[in-house]
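The values are calculated or read from the model by the stated rules, or taken from the named source; none is laboratory data. The structure displayed is predicted, hence computed values, not measured ones. Using ideal geometry, Cβ is built from the backbone for each residue, glycine included, and neighbour counts are taken over all protein chains shown. All accessible areas refer to the heavy atoms of the entire protein, side chains included, with ligands and DNA or RNA removed. Shrake-Rupley method; radii C 1.70, N 1.55, O 1.52, S 1.80 Å.
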Number of protein chains: 2
Amino acid sequence: MNVELKHIGVIHSPFHELEGMPIQPAGARGVQGTVEVFQEYRAGLKDLDGFSHIVLLYLFHQSQGFNLHVVPYLDTEIRGVFATRAPRRPNAIGLSVVQLNMVQDRILHIGNVDILDGTPLLDIKPYVPGFEPQTEVRTGWLEGRKLNVEDKKADSRFAGKQDSNNCL
Amino acid sequence: MNVELKHIGVIHSPFHELEGMPIQPAGARGVQGTVEVFQEYRAGLKDLDGFSHIVLLYLFHQSQGFNLHVVPYLDTEIRGVFATRAPRRPNAIGLSVVQLNMVQDRILHIGNVDILDGTPLLDIKPYVPGFEPQTEVRTGWLEGRKLNVEDKKADSRFAGKQDSNNCL
């Protein structure tokens, strides 16, 4: 299956390399960035400024290949890749929920950014909490690890193999 | 940019056609389905069974073309496509948070399914609410419309042009 994905923009952030990056948006509080949407898609941004948070889908463009078993940052054990957000996955698509601070023409000013500078943007969707689970949520191997995520930074574990550190 | 996306599985649901489908997972409570992950990716499912909810990324494989301006189901006004979840978008990638009820070998039994039967699966990510915004959320044109979403069903607005009705 060969699907042509359109590069609809580019994400700018202070992170020019992997090391030191937060591993999730919750660890990226206060980190500002921008999304530059290409001119031909600008009309699609209408009404986006009413949303406080947006979902970004992007390509882990520096990610090469994948492993089905990985050792995530928050763990020391081998986990299945689909139980993690590791960037080296069969389809190297990243997902981040970021704060939308301002829309200026085709530039989105975003906060809580955990994405590498220069990352190709694939899609923007509105973030709507009412559409998500309202019931109790279990988080498997991550239970009890959530409280520490804000202090956790990337090491060189995946250096040179990914373009975001969005991998739990 | 031509990126090869791997078809890693297929989503099965009771929805064989668009009409009558819920327009979001919150309107799909009680609707059961399965995700069949292809054998070569099975090892990546390790540990997934600890999560009560998962994020599915999939292709709107029957979606053709896109419009930058759309009239969503929950509205009567024209909105920018990136402020909606309309399936006809520059990159026709859908996102649903579903309940994970059971993992049997490479079959995931899922609940709250708003996806068309036969939809190609691109990725599975764990759903972890602690990583999402903890602050007040604004939802633009959708404010005040959320309470009615459970009663809202699809009409033929996008018939033949999409493979899910995940479009707010």
Handout entry: Of all residues in the range A:7-22 being surrounded by 20 or more Cβ atoms within 10 Å (Cβ to Cβ) and part of a loop (DSSP other than H, G, I, E, B), the one that is farthest from the chain's Cα centre (by Cα)
Key = A:Ile8
Completion exercise
When every residue in the range B:78-122 that is in a strand (DSSP E or B) and free of Cβ contacts under 8 Å to residues at least 40 places away in the same chain is compared, the one nearest to the other protein chains (Cβ to nearest Cβ) is B:Gly80
Practice task
Go through A:Glu77, A:Glu36 for me and flag whichever is surrounded by fewer than 16 Cβ atoms within 10 Å (Cβ to Cβ), farther than 20 Å from B:Arg85 by Cβ, touching a strand residue (DSSP E or B) at 6+ places or on another chain (Cβ under 7 Å) and among the charged types (D, E, K, R).
Solution key: A:Glu36
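Please go through the range A:80-93 and give me each residue that is in contact with a helix residue (DSSP H, G or I) (Cβ under 8 Å, 6 or more places away or on another chain) and open to solvent by 20 Å² or more (accessible area, probe 1.4 Å), ordered by number.
Of everything in the range A:80-93, just one residue is in contact with a helix residue (DSSP H, G or I) (Cβ under 8 Å, 6 or more places away or on another chain) and open to solvent by 20 Å² or more (accessible area, probe 1.4 Å), namely A:Arg88.
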Handout entry: Candidates A:Asp49, A:Asp75 - the one that is of a type in the set (Asp, Glu) and in contact with a Gly (Cβ under 9 Å, 6 or more places away or on another chain)
Key = A:Asp49
Problem - Failed condition for B:Val149, given (1) modelled with pLDDT under 70; (2) within 9 Å of chain A (Cβ to nearest Cβ); (3) within 29 Å of A:Pro72 (Cβ to Cβ) - result: (3)
Problem - Contacts under 7 angstrom Cβ, first residue in the range B:20-35 being of a type in the set (Lys, Arg), partner open to solvent by 10 Å² or more (accessible area, probe 1.4 Å) and modelled with pLDDT of 75 or more, 6 or more apart - result: B:Arg29/B:Asn112
Practice task
Give the residues of the range A:30-52 that are under 20 Å from the mean Cα position of the chain (by Cα) and not in a helix (DSSP H, G or I), sorted by residue number.
Solution key: A:Gly30, A:Val31, A:Gln32, A:Gly33, A:Thr34, A:Val35, A:Glu36, A:Val37, A:Phe38, A:Phe51, A:Ser52
Handout entry: Of residues in the range A:15-29 being of a type in the set (Gly, Ala, Ser) and closer than 18 Å to B:Pro126 by Cβ, the one modelled with the highest pLDDT
Key = A:Gly27
Problem - Selected residue [farther than 18 Å from A:Leu57 by Cβ and either open to solvent by less than 10 Å² (accessible area, probe 1.4 Å) or in contact with a Phe, Trp or Tyr (Cβ under 9 Å, 6 or more places away or on another chain) (or both)] from B:Ser52, B:Ser63, B:Ser96 - result: B:Ser52
Exercise for the section: Take the residues in the range B:98-118 that are among the β-branched types (Val, Ile, Thr) and out of contact with any His (no Cβ under 8 Å at 6 or more places or on another chain), then tell me which one is farthest from B:His16 (Cα to Cα). Expected result: B:Ile107
Handout entry: Flag if B:Val55 is under 26 Å from A:Val3 (Cα atoms), at pLDDT 85 or above and β-branched (Val, Ile, Thr)
Key = yes
Problem - Single condition A:Leu56 does not satisfy, out of (1) within 20 Å of A:Thr119 (Cα to Cα); (2) part of a loop (DSSP other than H, G, I, E, B) - result: (2)
